[in-house]
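One structure below.
Only the coordinates and a few stated rules stand behind these numbers; no lab work does. None of the values given here were measured: they were computed from a predicted structure. Cβ sites come from the backbone with ideal geometry, for glycine too, and all protein chains shown count toward neighbours.
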């Protein structure tokens, strides 16, 4: 086996797929080729957004799905050859986690998010009270934006 950084000839593939009428659902604005974005979804519409940087350089970018910004338009930074699985539209007993730039570490009576890219942000829809030590919470009706700047896990409780 031989492994190396081999050019993908993206202009060729983009033109070919465009000619066939194939359009990407997920797009990004990374300056260098190597970002792979896809998602998995369950029957309830809950998603995990899989974001990989297979390139040999760190990259900063924003992600869109069908032309609409994801993650509140937040720019992600992924180190070379790393990846993230980010939650989208997760339904919890007393809240909905609409999106997060931090990975889901645990979901039970509480929600635990682990950030690698700082500052981390999450958007939660709930009419309940939120407690998230270490995070700043900004409310706008049922929507709560959480922001934190630590790689420690943030435990979110909704009552």
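Assorted remarks:
- Using a Förster distance of 35 Å, the FRET efficiency for residue 125-residue 36 (Cβ separation, nearest 0.05): 0.75
- Cα centroid separation, the range 99-123 to the range 69-98: 8 Å.
- Within the range 1-158, DSSP assigns beta bridges of which about 100% are antiparallel (rounded to the nearest 5).
- In plain terms, the chain from residue 8 to residue 110 could stretch by 32.4 nm, reckoned as 0.36 nm per residue minus the Cα-Cα distance.
- Taken along its principal axes, the alpha carbon cloud of the range 24-158 reaches lengths of 42, 32, 25 Å, longest axis first.
- GNM top mover of 11, 66, 96 - the chain, alpha-carbon springs below 10 Å: 11
- Between the Cα long axis of helix 10-19 and the first principal axis of the chain there is an angle of about 80°, rounded to the nearest 10.
- Fully extended contour minus Cα-Cα distance, from residue 19 to residue 58, at 0.36 nm per residue: 10.9 nm
- GNM remark for the chain: springs join alpha carbons under 10 Å apart, and the peak mean-square fluctuation among 120, 30, 15 falls on 15.
- In Å, descending, principal axis extents of the Cα set of the range 1-91: 43, 33, 28
- Taking the helices alone, the chain has a mean residue ellipticity at 222 nm of -2000 deg cm²/dmol, built from -39,500 (n - 2.57) per DSSP H run of at least 4 residues and averaged over all its residues.
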